[in-house]
1. For His260 and Arg177, FRET efficiency with R0 = 35 Å and r from the beta-carbon atoms, rounded to 0.05?
2. Given H placed 1.01 Å from N in the peptide plane, which residues other than close sequence neighbours of Leu254 have an amide H under 5 Å from its amide H?
3. Could you rank the peptides 32-38, 102-108, 224-230, 165-171 by their average count of other C-beta atoms within 10 Å per residue, with the highest value first?
4. With each pseudo-label sitting 7 Å past Cα toward Cβ, what's the Asp152-Ser129 distance in nm, one decimal?
5. Quick one: ranking Arg259, Arg88 by accessible area, 1.4 Å probe, largest first, what do you get?
6. Convert each backbone phi in segment 148-159 into a coupling constant with the Karplus relation 6.51 cos²θ - 1.76 cosθ + 1.60 (shift: θ = phi - 60°), then list the ³J(HN,Hα) values in order as whole Hz, x for Gly and Pro.
7. If you count, for each residue, the other Cβ atoms within 10 Å and average over each peptide, how do 237-250, 14-27 line up from highest to lowest?
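The values are calculated or read from the model by the stated rules, or taken from the named source; none is laboratory data. Just so it is clear, the structure is predicted and the values come from calculations on it, not from any experiment. Cβ atoms come from the backbone with ideal geometry, glycine included; neighbour counts cover every protein chain shown. We work out accessible area using only protein heavy atoms, side chains counted, and drop any ligands, DNA or RNA first. Shrake-Rupley method; radii C 1.70, N 1.55, O 1.52, S 1.80 Å.
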Amino acid sequence: METTETRAANGVVVGVDGSVPAAEAAEWAAREAERRGVGLHLVHAVNTGTVTLSPRTGTTVTDLILREAAELLEAVRATLAAAHPGLRITGDVVPREAGDAVLTAAEHASLAVLGTRGHGGFASLLLGSVSLRVAAHAACPVTVVRAAGHPDGPVLVALHDERDTAALRFGCETAARRGLPVRAVHTWSPVVADVGRMAPMVDELGEEARLHEQLLRRTCDPVREEYPGVEVESHQVTGSAAATVVEESRTAALVVLSRHEPAPRFGLRLATPVHAVLHHAHCPVAVVPV
């Protein structure tokens, strides 16, 4: 097991900390790495800077913390290696804040994977701050493993506009590896709201629907041609994007969302629907930077 900080080129990176959500995320990441034919890199972050003891005893305590962290990391690796004997698994104990550690390891990765929350989170929190931060800032797609999902269900891709073709491609690639269909969903809210003009309003709503249908075709048709072996079903609905995706996630294997760029340097930089789905989805959620 490696003990120096590295970056996982083209592989799958997963954060581990000994918690149940992290263990579930690690197993999900191992299966995904096998499907992709790449290695799996485990990152266990320990913040030794929080040790507030005298300088005389501080070094000894830090060494103990790092040694225990290495033992935990090796135990996780051994469990995964037993379940996935053909998978190359590496790992690092990183004396840094967890979000920084995973973001650094994932700089050249193809995917980063995290659980909902690890140790130290309040029970009332639906998603940990580390998972939110990595999903908001990683250069590669990030999957947050909330629940197992339906293994035979579709890959659900939420589409806002034509910039989201990257998310749709990610969904199609995932579906192709698993032999699943893709369900692309585009939600929109009617602009017309003058109830005193009911007949014209119906006509205008119909025109709005046609425009959104055209947008959906422009987004989906080129990607369909790229993945002829994947069944891509697309549909549009009116209403809340977050509520629609959360409800449809009940029968999905994976939800795929876009994180639009450019974004501010500081802050979470996740749109409200993305934030809501990450908190409430009933299956794993992938966030793809576009």
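1. Values: r = 25 Å, r/R0 = 0.73.
Calculated transfer efficiency: 0.85.
2. Leu156
3. Numbers: 32-38: 17.4, 102-108: 21.3, 224-230: 12.7, 165-171: 23.0.
The most tightly packed comes first, giving 165-171, 102-108, 32-38, 224-230.
4. 4.3
5. On the way: Arg259 10, Arg88 160 Å².
Sorted descending by solvent-accessible area, the residues read Arg88, Arg259.
6. Taking θ as phi minus 60°, the curve returns 5, x, 9, x, 9, x, x, 8, 8, 10, 8, 10 Hz for segment 148-159.
7. Numbers: 237-250: 17.6, 14-27: 21.9.
Those peptides, ordered most packed to least, come out 14-27, 237-250.
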